[in-house]
Amino acid sequence: MVRMVPVSRLQNVRNVVVYQVEFVQMVTESVALFNIRGPEKTNHQCIYDQFIVSGGNPVPTICGSNADNHIYIDAGLGQTNPVTLTFVTSGNSFARSWKVRVSQIRCNTIYRAEEGCLQYFTGISGQIKSFNYDPVTGLQLSNQDYSICIRMERNFCGIQYMTCPVDDKGDSTSMTQMTRSHAFTLTGNTQAMQIASMTGAACQTDWLTIPCASNTGRLPTTMNTCIDRICGGTFNAENQNLNTSSVISTVKPFRLIFHTDSIEAPNDVGNRGFCLNYIQQPCTTKLR
């Protein structure tokens with residue numbers, strides 16, 4: 001049985017052009033309040049449960065566990081096209097739960113997300129993760145294509161990204177190779193083994209774009225060439241590297257793009273997506 005549950009119908013009001021939609025996590029009750037059935041396990045498509053946004057800027061369909069995540073919806077200046085949030089559930093019985101908090105953001109506020117940003121973060125440091133990310137049970141969602149923006153704080157000129165610490169024990173294939181981490185697994189059969197980093201033109205299906213990315217403390221190998229796309233199973237701005245690295249970018253504004261296609265199998269297996277911590281770098285710091 002398919003059930004459609006309209007969560008909210010957001011009617012535009014004067015001077016409000018953006019809605020912030022937060023998927024609330026109730027820490028005191030130890031309950032994750034965005035937990036619907038995840039994607040099917042072959043191509044990671046949301047064919048069972050879905051969270052759908054209609055109206056406003058394009059928002060990809062998501063499913064699975066997304067507590068403590070958020071999206072921004074640009075509704076435009078008109079007052080005739082409402083934004084509708086809908087949960088669609090189907091299939092077998094599942095312990096579903098959700099709580100959605102909607103905030104209206106006025107045109108002239110400094111908290112308004114930049115144009116084209118599905119996610120918007122403020123502050124010197126924070127954490128970014130793909131939808132349905134979990135280091136143990138998560139699956140990277142297919143058909144994603146959106147921008148993640150970070151407001152550049154005053155007197156900060158660069159931004160550094162590093163993989164989140166994960167609770168899973170991981171494994172290591174040698175004494176010199178860093179412990180395997182599931183905090184960044186986008187392409188390849190990462191379920192069977194650790195996959196090296198891939199960059200640039202090697203990333204043709206699923207990737208994370210970080211403009212002119214380079215490993216911290218390393219100069220780009222070719223000064224006129226920027227590495228933008230990073231994929232594979234290791235977070236590193238250098239191609240075919242099995243060691244996780246911190247990555248820095250000085251391109252402004254601070255914006256990432258996450259893209260996945262509609263197919264995983266047979267080449268991509270077990271990818272969980274990504275979780276990155278970021279910290280902005282002061283202008284007084286030597287960034288390159």
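Here is how the numbers come out for the structure above:
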{"quantity": "Residue selected from the range 246-261 under the condition in contact (Cβ under 8 Å) with a residue 60 or more places away in the chain and in a loop (DSSP other than H, G, I, E, B), by the criterion nearest to Y146 (Cα to Cα)", "calculated": "T260"}
{"quantity": "Tally, over the range 129-183, of residues that are surrounded by 18 or more Cβ atoms within 10 Å (Cβ to Cβ), modelled with pLDDT of 95 or more and out of contact with any strand residue (DSSP E or B) (no Cβ under 9 Å at 6 or more places or on another chain)", "calculated": "1"}
{"quantity": "Leading residue by the ranking (modelled with the lowest pLDDT) among those in the range 258-286 that are of a type in the set (V, I, T) and surrounded by fewer than 21 Cβ atoms within 10 Å (Cβ to Cβ)", "calculated": "T285"}
{"quantity": "Answer from D145, D134 - the residue that is closer than 16 Å to F51 by Cα and of a type outside the set (S, T, Y)", "calculated": "D145"}
{"quantity": "Selected residue (criterion: nearest to T250 (Cα to Cα)) from residues of the range 196-216 that are modelled with pLDDT of 95 or more and assigned to a loop (DSSP other than H, G, I, E, B)", "calculated": "C203"}
{"quantity": "Test: residue in the range 82-94 that is aliphatic (A, V, I, L, M) and part of a loop (DSSP other than H, G, I, E, B)", "calculated": "no"}
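Residue-wise test of (1) farther than 20 Å from T260 by Cβ; (2) buried (at least 20 other Cβ atoms within 10 Å of the Cβ).
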| residue | (1), (2) |
| --- | --- |
| Y48 | no, no |
| I52 | no, no |
| G55 | yes, no |
| T61 | no, no |
| G64 | no, yes |
| H70 | no, no |
| F87 | yes, no |
| S93 | yes, no |
| R96 | yes, no |
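The values are calculated or read from the model by the stated rules, or taken from the named source; none is laboratory data. Please read these numbers as outputs of a predicted model, since none were measured by experiment. Virtual Cβ from ideal backbone geometry, glycine too; neighbours counted across all protein chains shown.
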